[in-house]
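A quick write-up on the structure given underneath.
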Amino acid sequence: KLTDKKQLLELNKEELEQKGQDRVVKKGDLAEIHERLIRVGGVMSNKEILEYRKLKVSLAEGIARNKTNFAELLELAPFAMLGTKMDKVNEQLQLEQRNQHIDLI
């Protein structure tokens, strides 16, 4: 029985590997079919498809940069919100210092 289980396990492993390979092939086929549909539907040339791919990569990189920049700016938001309050505190301190100086004279 142990050998039967080992054989069954080996068969399952082989099936999984085959399915994995089939998946990779199908993904490639899907990309090729997608490109053909774009060409037929939109009458795009190979050059236009390459430009489209480059643009897609460029936009994805731009989105990533914008997300990073936004996160950095978001970290500064609390300081920006406190800026006007800190100005008012500073004005109040200066006013109190002037009043204290006048009281001393």
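The values are calculated or read from the model by the stated rules, or taken from the named source; none is laboratory data. This structure is a prediction, so every number in the text was calculated from the model and none was measured. FYI the Cβ positions are ideal-geometry reconstructions off the backbone, even for glycines, and counts take in every protein chain you see. Keep in mind that these areas ignore ligands, DNA and RNA; they rest on the heavy atoms of the full protein, side chains included. Shrake-Rupley method; radii C 1.70, N 1.55, O 1.52, S 1.80 Å.
Couple of notes before you dig in:
- Links that overshoot a 32 Å alpha carbon limit, given the list Lys13/Lys56; Lys19/Lys47; Lys19/Lys67; Lys27/Lys47; Lys26/Lys54: Lys13/Lys56; Lys19/Lys47; Lys19/Lys67
- Simple rule: put +1 on each Lys or Arg Cβ and -1 on each Asp or Glu Cβ in the chain, find the dipole, and look at His101, Asn90, Gln21; the Cα lying farthest toward the positive end is Gln21.
- In the context of the full set of protein chains, the chain has a per residue accessible area of 97 Å² (1.4 Å probe).
- For the chain, the longest principal axis of the Cα atoms and the long axis of helix 2-42 meet at an angle of about 70 degrees.
- Percent accessible area from carbon and sulfur atoms, the chain, protein chains only, probe 1.4 Å: 61 percent
- MRE, 222 nm, helices only [DSSP H, n ≥ 4, -39500 (n - 2.57), over the chain, to nearest 500]: -35500 deg cm²/dmol
- All aspartates and glutamates inside 17 Å of Lys88 as judged from Cα atoms, apart from same-chain residues fewer than 8 positions distant: Glu96
- Kirkwood Rh and Cα Rg combined as Rg/Rh, the chain: 1.54
- Within a straight-line Cα-Cα reach of under 19 Å, Lys6 can be paired with the following aspartates and glutamates, leaving aside sequence neighbours fewer than 8 residues apart in one chain: Glu14, Glu15, Glu17.
- With Cα atoms, 0 to 90° folded angle of helix 46-104 axis to the chain main axis: 20 degrees
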